[in-house]
Amino acid sequence: MCTVTYHPNAKGFILTHNRDEAPTRSPSDISKAENGYCHWLYPKDTKAGGTWIVTDNTGNTACLLNGAFIKHHHSPPYRRSRGLILMDCMEAPAPVQFLLAYDYSGIEPFTLLFFTGLSVLQLRWDGQQLHRLNLPADVPHFWCSATLYPPDMQVRREQVFQKWLSSQQYIPGPHDFLQLHHTGSVGDPENDFVMNRNERVRTVSITQVVLEKNIATMRYFDLLNDRHDVRRITLNNELTLPPA
């Protein structure tokens, strides 16, 4: 997995995530969890129990893509599922510090994106080293999984995104991005935004988080069973930048 777009607006941002996975690992709704610090929403992976996207009531949102920079050799067993690390960080009182201090040895490579509405943090674990990059939060961004899409296809898919953005006659909203994530195409069903590779790997769901001034909304679309779930969280903490 996956395909991710981020777009800022005056109220916060729109984050939309297509999950490309084996069809047996798709939930049908949104789960909720909480601890002494906050509560959060996430679609729960039916196999490992983790998640690939999560948002909480303090203004934090994070998502995960398989692979770092290039397609790696899959060598299980791994010490811990990547999706559980996403859950672990949301349970921590300081999620960014937790992620930066975590011991990733024995974890399969991944790309983790952390958003606050004021910042975008990109972490790539290549199996040996953690690569940190702070990205501007006031411009759009696009990512797709290195395990499924080689560099040239990543470029082609991002070009679809950029061309679509430049063609918009008004500022696109959540529905517009959902449409893009349903219909974005490079002319190849195995590499389109909603992809299918002989049912072994396909786009099983689309999840969108819309962060506004006081509310975070998560929309989850189960593409396999044609089901739709929506949950909202009222934000109760001021947004803060992660540490330098």
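Yes/no per residue for (1) within 21 Å of L235 (Cα to Cα); (2) touching a Leu at 6+ places or on another chain (Cβ under 9 Å):
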| residue | (1), (2) |
| --- | --- |
| L15 | yes, yes |
| D20 | no, yes |
| R25 | no, no |
| K32 | yes, yes |
| P43 | yes, no |
| N66 | no, yes |
| H73 | no, no |
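Is it the case that the stretch 145-155 has a residue that's under 21 Å from V209 (Cα atoms), of a type in the set (G, A, S) and not in a helix (DSSP H, G or I)?
Yes; the residues of the stretch 145-155 include at least one that is under 21 Å from V209 (Cα atoms), of a type in the set (G, A, S) and not in a helix (DSSP H, G or I).
Among G36, G59, G50, G12, which is the only one that is more than 22 Å from M195 (Cα to Cα), of a type outside the set (F, W, Y) and exposed (fewer than 14 other Cβ atoms within 10 Å of the Cβ)?
Testing whether each residue is more than 22 Å from M195 (Cα to Cα), of a type outside the set (F, W, Y) and exposed (fewer than 14 other Cβ atoms within 10 Å of the Cβ) leaves just G36.
Spot the failing condition for L41; the list is (1) within 30 Å of Q129 (Cβ to Cβ); (2) crowded, with 19+ Cβ neighbours inside 10 Å, and only one is missed.
So the condition that L41 fails would be (1).
Considering only residues that are over 16 Å from S145 (Cα atoms) and hydrophobic (A, V, I, L, M, F, W, C), look in the stretch 160-196 and name the one that is farthest from the chain's Cα centre (by Cα).
I171
Of all residues in the stretch 52-91 being part of a loop (DSSP other than H, G, I, E, B) and of a type in the set (A, V, I, L, M), which is modelled with the lowest pLDDT?
This residue is I70.
For residues that are under 30 Å from S75 (Cβ atoms) and among the basic types (K, R), scanning just the stretch 141-194, find the one that is surrounded by the most Cβ atoms within 10 Å (Cβ to Cβ).
R157
Any residue that is of a type in the set (F, W, Y) and not in a strand (DSSP E or B) - is there at least one of those in the stretch 12-19?
Checked against the condition, which is being of a type in the set (F, W, Y) and not in a strand (DSSP E or B), the stretch 12-19 yields no hits at all.
For residues that are touching a residue at least 60 places away in the same chain (Cβ under 8 Å) and surrounded by 15 or more Cβ atoms within 10 Å (Cβ to Cβ), scanning just the stretch 69-98, find the one that is nearest to the chain's Cα centre (by Cα).
V96
The values are calculated or read from the model by the stated rules, or taken from the named source; none is laboratory data. Remember, it's a predicted structure, so these values are computed and weren't measured experimentally. Please note: Cβ atoms are built from the backbone with ideal geometry, for glycine as well, and neighbour counts cover all protein chains shown.
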